[in-house]
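Okay, structure first, notes after.
The values are calculated or read from the model by the stated rules, or taken from the named source; none is laboratory data. Everything quoted here is computed from the prediction, not taken from an experiment. Because the Cβ atoms are built from the backbone with ideal geometry, glycine has one as well, and the counts that use them run over all protein chains shown. Calculation scope for accessible area: heavy atoms of the full protein, side chains included, ligands and nucleic acids excluded. Shrake-Rupley method; radii C 1.70, N 1.55, O 1.52, S 1.80 Å.
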Amino acid sequence: MSNRSNPRRGRLAGIALAMVAVFALPAAAQAAPVGLGTADPFVVLGGAKVTNVGPSVLNGNLGISPGTELEGFGLPAVINGSTHATTEVAAKAQLDLTTAYDVAAGQPVLPANDLSGIDLGGLKLSPGTYRYNAAALLTGAVILDAEGDPNAEFVFQIGSQLTTESASSVVLVNGASPCNVYWQVGSSADLGTTTAFQGTLMALTSISLKDGATVLGRMLARNGQVSLINNVLTRPLCATGPTTPPSEETPGTPGGPGGPGTVSPSAPATPGSGATGSAPGSASPATPGRTLPGRQAKNPRPSRNGTAVVRPAPRDACTDGFRVAVHGRMIERVVFSLDGKSIGARAGAPFAMSIRAAPGDHQVRVRITFKDATRARTVTVPYEACAAALLSPPSGPSTFTG
């Protein structure tokens with residue numbers, strides 16, 4: 001019997017293969033994670049030079065390699081992190097930055113995600129990888145919508161330059177995290193005045209931030225210069241484990257920034273309540289490895305010896321910059337937030353953060369956890385920012401009661 005081909009069967013097979021190809025395409029739209037390696041702690045990393053003008057605040061590490069020039073980072077600038085100028089740490093961070101840059105640049109892009117020639121301003125984008133063949137422009141706000149997935153990744157591949165106009169912003173909604181937003185720029189980036197930027201920007205050449213631009217993320221330049229003018233840059237807090245259970249919030253008492261009060265520990269354990277050995281007149285302790293019948297071992301009451309004092313400064317009615325420091329014992333971690341957004345954390349002394357914000361009334365929240373069983377506390381400190389005021393010397397401690 002002859003084995004003749006069936007045209008109808010061939011057409012059906014072709015349709016089936018086409019359907020498989022169509023439904024496989026969305027997998028390419030999923031952006032893959034971009035690991036930063038040892039570049040992760042850096043909020044600013046330059047290749048040739050890093051300069052600053054004015055009271056910029058860096059909530060994270062500052063580094064440069066292979067260049068050597070760091071200019072303008074004495075007072076009134078504040079670095080809440082370590083500085084690595086032409087060190088092995090900075091050199092390794094640059095190597096890891098190159099790897100991350102290449103990973104971001106090599107991700108596949110669906111044809112529908114080619115935004116070449118389209119202004120980012122006014123767009124609302126779902127998770128995925130997006131491409132600009134040449135320059136990209138942001139005028140106004142671009143919204144990145146994680147659609148309820150906190151692990152959603154956004155990767156932007158920009159062939160040449162990224163420019164943001166004044167007062168532009170990157171807005172994250174529905175669970176989107178700046179930890180998962182990456183901007184791979186083929187030449188240089190220029191952030192306009194008062195731009196509110198989010199994500200990790202990796203530029204092949206240089207990065208320039210104009211007056212008042214803020215960043216929740218990182219500015220990492222491979223070969224060129226990073227230039228700052230009166231900016232606030234904060235390394236985002238990325239989840240690495242279980243979240244601390246919430247506890248009650250203790251507001252600062254009225255009377256301006258840093259009203260009096262104290263974060264106090266819970267009641268200490270009663271002496272003798274943590275029983276080890278036997279009480280007077282009782283039977284002798286059990287032999288190791290055995291349990292006496294009719295008796296239950298008692299767990300010692302956990303110690304609660306943690307204390308903390310919050311010191312905000314300056315305490316003027318209106319100030320340009322604001323610093324909050326926490327002192328005490330058994331402190332494990334302090335997390336700082338501004339107007340409900342995390343801006344940094346400290347897992348070791350000094351537990352302090354310098355903050356600058358746009359003129360107006362703000363709330364600085366300080367979340368304190370302890371190494372022992374002392375309950376975590378959250379303190380809220382009011383902060384009124386005014387652009388014309390000057391930083392004053394630190395004042396005495398202001399305490400809060402928990």
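In this structure F370 has an accessible area near 10 Å², from a 1.4 Å probe over the protein heavy atoms.
Phi angles of the range 196-207 translate, via the Karplus equation with coefficients 6.51, -1.76, 1.60 and θ = phi - 60°, into HN-Hα couplings of 10, 9, 9, x, 9, 9, 10, 10, 5, 10, 10, 9 Hz per residue; Gly and Pro are given as x. For the residue pairs K92/K341; K49/K341; K92/K371; K49/K210; K49/K124, the C-alpha atoms sit more than 27 angstrom apart in K92/K341; K49/K341; K92/K371; K49/K124.
Amide H to amide H distances under 5 Å link D190 with L162, T163, T164, S208, where only residues 5 or more positions off or on other chains count and H is placed in the peptide plane. The base-10 log of I(q)/I(0) for the range 72-197, evaluated at q = 0.14 Å⁻¹, reads -0.72 [Debye formula, identical scatterers on Cα atoms, solvent excluded]. Under the simplified labelling scheme, the D339-N223 pair shows an inter-label distance of 3.8 nm, with each label point 7 Å from Cα along Cα→Cβ.
The gain in end-to-end length when the K92 to E147 segment is fully stretched comes to 16.3 nm, 0.36 nm per residue minus the alpha carbon separation. Distances between placed amide hydrogens fall under 5 Å for S177 paired with no residue 5 or more residues away or on another chain. Summing Lys and Arg as +1 and Asp and Glu as -1 over all other residues whose Cβ lies under 12 Å from the Cβ of C179 gives a net charge of 0. Each residue of the range 166-176 is assigned a 3J(HN,Hα), and the resulting list reads 4, 6, 7, 7, 10, 10, 10, 9, 6, x, 5 Hz, derived from the Karplus form 6.51 cos²θ - 1.76 cosθ + 1.60 (θ = phi - 60°), x at Gly and Pro. Each residue of the range 225-233 was assigned a 3J(HN,Hα) from its phi angle through the Karplus expression (A = 6.51, B = -1.76, C = 1.60, θ = phi - 60°), giving 9, 10, 10, 10, 9, 6, 10, 10, 10 Hz with x at Gly and Pro. Against the criterion of solvent-accessible heavy-atom surface with a 1.4 angstrom probe, E153, E384 sort, most first, into E384, E153.
What number comes out for the charge environment of K124, summing +1 per Lys or Arg and -1 per Asp or Glu over other residues with Cβ under 12 Å away? In short, -2.
Amide H contacts for T374 (H built 1.01 Å from N in the peptide plane; partners 5 or more residues away or on another chain; cut-off under 5 Å): N305, G306. Taking a Cβ cut-off of under 13 Å around L137, the surrounding Lys, Arg, Asp and Glu residues balance to a net charge of -3, with basic ones at +1 and acidic ones at -1.
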